């Protein structure tokens, strides 16, 4: 993945824009036409009210264009602000929905960056998960990428991860790994979740080269890494937070996957302010 990552194809997220606009506008904005004359022009600025990683401007632009294709949008280099110019009715109608996308995406990117920054210098990669807001998979994973994380599999279709339930049904770690390796497509690597040092060794001896160490303590992670870090890629998951992520990164593992990047990211504080009114309002239409 390059940095910054490319925005996902529009087909993966534009239906969200259409849905969000529809649920907010409904039959029409009941407020703005009462006080803003039709055709009244002006400009507004979207600003960050906290330090953040800017993410989602293109999606916010799409919201404004969906409501009024004539609006002019411009991104300022300074502080990642964006300006919107055009019909004030369109600007105000799009305001909340555009900000909803930005507060979510900037929030995820900023929260992710805190974890990435916490492990700087260790060589460990922070990885996202499938614990995304339903329907938001492409945008959530884009936002974690903007924050500096590595994208894990997008869905069940592009990666093989044998979780504890798979292992239980298969009859054990070794049997699950062997069954998966025997039938896995050549382009998909097989990863297996292990819950002990013994399971980790069994998995590698069965052919696995990608282990997910789930809810292990740092001493357990270190012991497994000392034995297997040169034989398999080691990824840690479970119970990771800003208070312990550095300690985990220093155990010798390769990756740390964190569901909280997307399921617990605080929203960013962003706002839209009318900056300029081109002409004084005329008579409010009847």
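The values are calculated or read from the model by the stated rules, or taken from the named source; none is laboratory data. What you are looking at is a predicted structure, and each value in this text was computed from that prediction instead of being measured. Quick reminder, even Gly has a Cβ in these numbers, built from the backbone with ideal geometry, and neighbours come from all protein chains shown.
Does residue 168 satisfy the condition of being surrounded by 18 or more Cβ atoms within 10 Å (Cβ to Cβ) and not in a strand (DSSP E or B)? It would help to see each step written out before you state the result.
Working: surrounded by 18 or more Cβ atoms within 10 Å (Cβ to Cβ): no; not in a strand (DSSP E or B): yes.
It is false that residue 168 is surrounded by 18 or more Cβ atoms within 10 Å (Cβ to Cβ) and not in a strand (DSSP E or B).
Counting only residues that are crowded, with 23+ Cβ neighbours inside 10 Å and not assigned by TED's automatic domain parsing to the domain that holds residue 184, give me the helices (runs of 4 or more DSSP H) lying completely in segment 57-162 with at least 3 of them. Break it down into steps so the answer makes sense when it comes.
Numbers: elements: 57-67, 88-118, 137-146.
Output list reads 57-67, 88-118.
If you scan segment 10-30, which residues turn out to be assigned to a loop (DSSP other than H, G, I, E, B) and in contact with a helix residue (DSSP H, G or I) (Cβ under 8 Å, 6 or more places away or on another chain)? Before you say what the answer is, go through the steps one by one.
Kept after step one, since they are assigned to a loop (DSSP other than H, G, I, E, B), are these residues of segment 10-30: 13, 26-30.
The answer is 13, 29.
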